[in-house]
1. With under 23 Å from B:His173 (Cβ atoms), modelled with pLDDT under 95 and not in a loop (DSSP other than H, G, I, E, B) as the only criterion, which of B:Ala255, B:Ala284, B:Ala264 stands out?
2. Taking the condition touching a residue at least 40 places away in the same chain (Cβ under 8 Å) and surrounded by 24 or more Cβ atoms within 10 Å (Cβ to Cβ), does B:Val191 pass?
3. Do we find that B:Met85 is more than 9 Å from chain A (Cβ to nearest Cβ), crowded, with 22+ Cβ neighbours inside 10 Å and in a strand (DSSP E or B) in this structure?
4. Quickly run through the stretch B:314-336 and pick out the residues that are touching a Phe, Trp or Tyr at 6+ places or on another chain (Cβ under 6 Å) and under 25 Å from B:Arg111 (Cα atoms).
5. For B:Ala287, indicate whether it is closer than 18 Å to B:Arg81 by Cα and in contact with a strand residue (DSSP E or B) (Cβ under 7 Å, 6 or more places away or on another chain).
6. For B:Asp276, are the conditions met, namely being in the same structural domain as B:Ala82 (by TED's automatic domain parsing), of a type in the set (Asp, Glu) and surrounded by 14 or more Cβ atoms within 10 Å (Cβ to Cβ)?
7. Need the failing condition index for B:Ala301 against (1) surrounded by fewer than 16 Cβ atoms within 10 Å (Cβ to Cβ); (2) more than 21 Å from the chain's Cα centre (by Cα), just the number.
8. Is it the case, given these coordinates, that B:Ser65 is touching a helix residue (DSSP H, G or I) at 6+ places or on another chain (Cβ under 7 Å) and away from chain A (no Cβ under 13 Å)?
Amino acid sequence: MSADTQIQLAHGGGGQATSRLVRELFLTHFHNERLALLDDGARLDLSGPLAMSTDAFVVDPLFFPGGDIGKLAVCGTVNDVAMCGARPRSLAAAFVLEEGLPMADLERIVASMAAEIGRAGVELVTGDTKVVPRGHGDGVYIATTGVGEVLPGVEVSGHRARPGDRILLSGPVGDHGAAIMSVRAGIELGGDALRSDCASVAGAAVALCEAVHGVRCLRDPTRGGLAGTLCEIAGASGVGFEIDEARIPVSEPTRAACEILGLDPLALACEGRFVAVVADGDAAQAADVLGARPEVTGLAEIGRAVAEHPGRVVLRTSIGGSRLLDRAEGEPLPRIC
Amino acid sequence: MTDERAALAALLRSADAASALARAIRDLAEGLGTVRLMEVCGTHTVAIRRSGLPSLLPESIELLSGPGCPVCVTPDEDIDRAIAMAGLDGVCLCTFGDMLRVPGSSGSLERARASGADVRVVYSPLDAVALARRSPERQVIFAGVGFETTAPTVAAAVRSAAGLTNFSVLAAHKLVPPALEALVAREDFSVHGFLMPGHVSTIIGSDAYSPVARQHGVPCVVAGFEPGDILLAIWMLLRQMRDGRAEVEVEYRSAVRPEGNLRALELMGSVYEPVDSTWRGLGAIPASGLGLRASQAAFDARLRHPVEVAPSKGRPGCRCGEVLVGALRPDGCALFGRSCTPATPIGPCMVSSEGSCAAYYRYSR
């Protein structure tokens with residue numbers, strides 16, 4: 001790295017400071033031929049129907065147990081592309097940096113992105129950097145866009161769930177949201193027990209789509225949590241969902257943090273899980289495929305789609321009662337007492 | 001937490017335990033006729049609705065939410081005062097998260113923030129003190145809303161702010177026992193038993209409810225927050241009814257003592273004193289709130305940053321007041337689920353996550 005210890009407005013000015021930042025930081029970590037050309041955009045040699053997704057990442061704090069904004073910016077978009085039934089291939093990233101951001105922090109974030117890009121098997125092919133004056137941003141904002149090749153014959157969409165379909169969940173829910181809220185609230189639960197689940201799940205999603213014909217719908221429960229995701233799919237498909245609460249995995253640290261803060265783990269964001277709606281007859285095979293994947297721990301079949309109560313999700317609670325599972329309104333707010 | 005402890009604790013929310021308790025409740029309920037029980041605490045309301053517990057009870061048992069959601073019972077005037085203070089030059093108003101969206105006569109703290117007021121969510125009043133220490137150029141006001149559960153921590157914050165000239169508290173705390181006594185004295189009171197709040201009771205102690213049980217003859221059980229705790233407490237209430245008793249019993253024995261938490265009470269008493277207070281739904285109740293003592297005037301936001309607040313005109317059609325005293329179920333209000341939803345709340349019971357209307361809307365509609 002150069003002697004610059006902090007981001008300055010000049011780093012976004014397009015002159016020598018920008019050039020230094022691009023060459024010494026970004027190209028060092030994201031080295032690949034396409035990016036090294038430093039053209040205004042990148043030519044992609046992809047085939048077939050493509051899937052594309054974009055997301056802006058704003059997180060406080062920038063570094064949290066289990067990840068950081070860089071890892072999140074890669075995983076979030078890679079996962080969204082994979083949820084289209086596509087193999088993620090290329091990424092674009094735009095950085096909005098706040099004047100005064102320690103260069104060491106930026107380097108840590110970029111290194112984390114590069115590591116995750118390697119793990120996900122994608123390439124960062126183009127990017128942009130802007131700097132805003134001190135006080136006009138929260139350190140770093142990152143927007144990423146991803147493109148992937150839709151797997152042959154695969155057609156997944158939130159509109160395709162049908163009565164009788166089975167609903168699979170790839171692992172415990174709420175860990176990301178609980179970890180972030182706990183850091184903000186200053187709650188510590190035994191070392192780093194409470195960690196974000198931030199991870200790429202593209203490998204598992206691609207393996208599932210390749211092996212199982214009857215995958216109807218894939219979605220990662222980020223903002224709005226599992227509750228929001230299930231409501232979206234039920235609404236879009238015009239089916240009812242019946243979900244068994246006792247089968248929804250929630251890690252013990254997340255459960256404890258939710259009790260302290262008055263939050264519902266089903267409404268908290270995950271960043272490394274996904275829901276798969278699969279045709280009844282293919283559910284067992286889907287569970288076998290997913291269960292064998294390293295990025296899937298705690299796979300559970302949590303319920304099924306029904307023809308009754310279209311658009312509504314009914315939760316069979318762990319004590320044997322039943323109630324509506326609705327999406328939360330706005331950001332989750334910790335309670336008073 | 002050990003795995004074994006977690007596994008055992010999970011029994012409190014297991015279907016087996018719940019169905020055994022529900023069976024015992026059904027047996028007791030036979031012959032008691034219609035039973036109306038009130039859970040006083042908003043956290044109980046959420047636990048009950050979230051667990052789907054009512055679907056396990058016989059139809060003769062009706063659970064009503066009481067005046068135990070701190071946001072819900074805070075009158076418009078106090079919200080308006082907080083909004084007005086947030087609009088003063090150089091002021092940073094700190095509050096707990098669930099106060100943000102509560103509508104006052106016009107607007108909310110969230111809207112005030114969007115319009116440029118410095119409104120911040122804190123997790124502890126001590127965070128507001130730390131902010132005041134870091135920002136000598138700002139006047140930091142903490143909006144102290146809540147029951148006896150939160151008042152001691154706010155009192156601790158005031159004590160820790162000794163010497164600071166830019167920290168003050170807008171005291172709007174409420175006390176549970178006087179409100180319950182006012183509630184049972186109403187002519188339209190028709191509740192057969194109270195599920196008493198677990199958290200508040202750890203501070204004030206179960207003896208605080210003796211007048212409600214002894215003088216007014218209403219059975220009381222202090223309950224914990226797992227579905228199993230709540231079911232057991234309902235069973236204990238029914239048993240009192242069957243036996244013709246009206247006592248204060250404690251289901252939440254691990255946390256609640258008859259005399260409460262004396263250190264917390266002493267801390268609270270050193271900073272606050274009881275004052276007359278207005279409750280949404282119940283109106284003005286003598287000595288049912290907490291105000292800063294004269295010795296703490298330097299931290300009293302009402303004295304330090306006086307603002308004019310017009311009397312509230314109320315909300316046409318909103319029946320939160322009746323809901324809060326158990327006189328009306330949320331879905332009995334004509335606005336419920338139509339013009340009043342969590343996205344467009346008209347009354348505070350729809351705003352707070354612990355409000356009875358929000359809980360009904362979210363889990364039971």
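The values are calculated or read from the model by the stated rules, or taken from the named source; none is laboratory data. In this text, all values refer to a predicted model and were calculated from it rather than measured experimentally. Here the Cβ is made from the backbone with ideal geometry for all residues, glycine too, and neighbour counts use every protein chain on show.
1. Values: B:Ala255 fails: not in a loop (DSSP other than H, G, I, E, B); B:Ala264 fails: modelled with pLDDT under 95.
None of the other options fit; the residue is B:Ala284.
2. Details: touching a residue at least 40 places away in the same chain (Cβ under 8 Å): yes; surrounded by 24 or more Cβ atoms within 10 Å (Cβ to Cβ): no.
So B:Val191 does not fit the description; no.
3. Values: more than 9 Å from chain A (Cβ to nearest Cβ): yes; crowded, with 22+ Cβ neighbours inside 10 Å: yes; in a strand (DSSP E or B): no.
No.
4. none
5. On the way: closer than 18 Å to B:Arg81 by Cα: no; in contact with a strand residue (DSSP E or B) (Cβ under 7 Å, 6 or more places away or on another chain): yes.
Judged against the criteria, B:Ala287 is not a match.
6. Details: in the same structural domain as B:Ala82 (by TED's automatic domain parsing): yes; of a type in the set (Asp, Glu): yes; surrounded by 14 or more Cβ atoms within 10 Å (Cβ to Cβ): no.
Here the answer is no, as B:Asp276 does not meet what is asked.
7. Against the list (1) surrounded by fewer than 16 Cβ atoms within 10 Å (Cβ to Cβ); (2) more than 21 Å from the chain's Cα centre (by Cα), B:Ala301 comes up short only on (1).
8. On the way: touching a helix residue (DSSP H, G or I) at 6+ places or on another chain (Cβ under 7 Å): yes; away from chain A (no Cβ under 13 Å): yes.
So B:Ser65 fits the description; yes.
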